[in-house]
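Before any comments, here is the structure.
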């Protein structure tokens, strides 16, 4: 079965923050929808586009998915405690909700290791190779790029040409949540310490991952295989 693209509208940071605010008010799902409709109507004229945008926001933060039980409560705790890291936490929840965002991030991260400038044409071709040349994906890529620009993850000096804009993450709790999210979504078993220190999933973020932090967190298991440190999620082994 073909993977669903889903991300057909660009997102803004303040919209995602609004969803978290509404969740924090203990509103019902229908109440959140109603308030989001009203909130989004100040910036989006089309009722169809309001609905599409609302459903994407709900899919990230409200509706259940394969990772919600693991991530949502901690994500809410972190974003309330450290609102200055809201982009990083929203980013994690988007990875958990949308595989196309995962693949976009991996491509950006891998390409960014070898080139300073990344073109939209390169990204589109590589995503088409992975997903097939679908009309929904063609429109989704432009919306994804607009979202990345709004998050200040990339800059665009010339049409179709992008540069990664780095953000420092100095909070150990946020970094651990990022790493935990990546391991949940990626589901590849064991990881080297270097894999966790510079994941392509988080291409715009610079962070330090400390071994001691992982040792003290009971969600992770650390082993030595052939003298090399490896890390896995405790509930995956």
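Computed from the coordinates by the stated procedures, all read-outs in this text should not be read as laboratory data. All figures in this text were calculated on a predicted structure; none of them were measured in a lab. Methodologically, a virtual Cβ is constructed for each residue, glycine included, from the backbone with ideal geometry; neighbour enumeration extends over all protein chains shown.
Using R₀ = 41 Å, calculate the FRET efficiency as 1/(1 + (r/R₀)^6) where r is the Cβ-Cβ separation of residue 149 and residue 222; round to 0.05. Efficiency computed from Cβ-Cβ geometry: 0.60. Approximating the spin labels as points 7 Å out from Cα along Cα→Cβ, the residue 37-to-residue 24 distance works out to 2.5 nm.
Looking at the square roots a ≥ b ≥ c of the eigenvalues of the Cα gyration tensor of segment 1-63, which shape do they give, rounded for a/c under 1.5, prolate if a/b is larger than b/c, or oblate? Because a/c hits 1.5 or more and a/b fails to exceed b/c, segment 1-63 counts as oblate.
If you bin all the Cα-Cα distances of segment 100-164 at 5 Å, starting from zero, the percentages per bin are 3, 17, 33, 29, 14, 3. Look at where the Cα atoms of segment 4-42 and of segment 196-210 average out, and the two centres are 28 Å apart. Among 25, 31, the ranking by other beta carbons within 10 Å of each residue's beta carbon, starting with the fewest, stands as 25, 31.
Computed from the C-beta positions of residue 165 and residue 235 and an R0 of 45 Å, the FRET efficiency is 0.85 to the nearest 0.05. Peptides 91-103, 41-53, 202-214, ordered by how many other C-beta atoms sit within 10 Å of their residues on average, highest first, read 91-103, 202-214, 41-53. Out of every Cα-Cα pair in the chain, what percent are more than 29 Å apart? Percent of Cα pairs beyond 29 Å in the chain: 30.
Here segment 177-221 is scanned for amide nitrogen atoms under 19 Å from the site 7 Å beyond the Cα of residue 122 along Cα-to-Cβ, giving 199-205. The convex hull of the Cα atoms of segment 10-102, projected and averaged over all directions, covers 5.8 nm².
Counting every other Cβ atom within 10 Å of each residue's Cβ, 163, 90 order from fewest to most as 163, 90.
Take the Cα coordinates of segment 101-237, assign each an equal point scatterer, and use the Debye formula without solvent to give log10 I(q)/I(0) at q = 0.14, 0.15, 0.16 Å⁻¹. These q points yield log10 I(q)/I(0) values of -0.72, -0.80, -0.88.
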